[in-house]
């Protein structure tokens, strides 16, 4: 079966699922209106099969990511590298990883926040493939400022996995949350469920997408593309099963924190150098 036939079959399965889902919802609504119990829901769809990676045993690893915001200079090389490495759409609105700038001006209680997606920054970049922060605070009285890289937190209890109706989003044994695009029906439930805004819907392919910590690289012993290109070492990656790994020492030697701990998702991206306004 060639790629085009596979795509047509996948689209047919997607339409069939959505049709069944719409029918089930209609039956449920009719049942409520008639004052009778709705029918029992159908059994859950089978989860996507795990990727077969020769020579890699995912039961022996526990990957984690560290971010040192005190070292990030907002150069956005990480964002550009991610776009190239993972074939992310070359537009200024969809990213697997991004960087936010927090600026506290004298006399203001809250930070002014922007990212490379801000219209002023887009205009300053002058290119769909390159990004920069505009120098908008040149003449302002800045009390404090810092940059915060963000990406998928690869949660221990990922909300995105819980809401996926077809098992396209799943958590691997080594802690990374992946999406099987052959299973994804483009319902966008996972995009809405993520409390970190780490997912986006790819209009070109009709499926959801997000950061995978460059799973195709780390399972071969390499670093994620964003970590490899960071000129200041602000991004740290490694295996927590190895107590002497860079990320294990980063977590052990610093007072780290995670984003939105109240969500119960238990993120596996650990930060230093951020304040309470970063969520």
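Tabulated data
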quantity	calculated
Residue match in the stretch 213-220 (condition: in contact with a strand residue (DSSP E or B) (Cβ under 6 Å, 6 or more places away or on another chain) and either on the phi < 0 side of the Ramachandran plot or touching a residue at least 40 places away in the same chain (Cβ under 8 Å) (or both))	no
Flag if residue 62 is at pLDDT 95 or above, surrounded by 10 or more Cβ atoms within 10 Å (Cβ to Cβ), more than 30 Å from residue 124 (Cα to Cα) and touching a strand residue (DSSP E or B) at 6+ places or on another chain (Cβ under 8 Å)	yes
Elements of type strands (runs of 3 or more DSSP E) in the stretch 87-166, at least 3 residues being within 19 Å of the chain's Cα centre (by Cα), touching a residue at least 40 places away in the same chain (Cβ under 8 Å) and under 16 Å from residue 196 (Cα atoms)	98-105, 142-150
Strands (runs of 3 or more DSSP E) within the stretch 185-279 that include 2 or more residues more than 29 Å from residue 144 (Cα to Cα) and either in the same structural domain as residue 82 (by TED's automatic domain parsing) or more than 13 Å from the chain's Cα centre (by Cα) (or both)	199-202, 207-210, 235-239
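Yes or no, residue by residue, for (1) free of Cβ contacts under 8 Å to residues at least 60 places away in the same chain; (2) surrounded by fewer than 15 Cβ atoms within 10 Å (Cβ to Cβ); (3) farther than 30 Å from residue 111 by Cα; (4) touching a strand residue (DSSP E or B) at 6+ places or on another chain (Cβ under 9 Å):
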{"site": "194", "(1), (2), (3), (4)": "yes, no, no, yes"}
{"site": "200", "(1), (2), (3), (4)": "no, no, no, yes"}
{"site": "238", "(1), (2), (3), (4)": "no, no, yes, yes"}
{"site": "243", "(1), (2), (3), (4)": "yes, yes, yes, no"}
{"site": "251", "(1), (2), (3), (4)": "no, no, no, yes"}
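The values are calculated or read from the model by the stated rules, or taken from the named source; none is laboratory data. Computed from a predicted structure; not experimentally measured. FYI the Cβ positions are ideal-geometry reconstructions off the backbone, even for glycines, and counts take in every protein chain you see.
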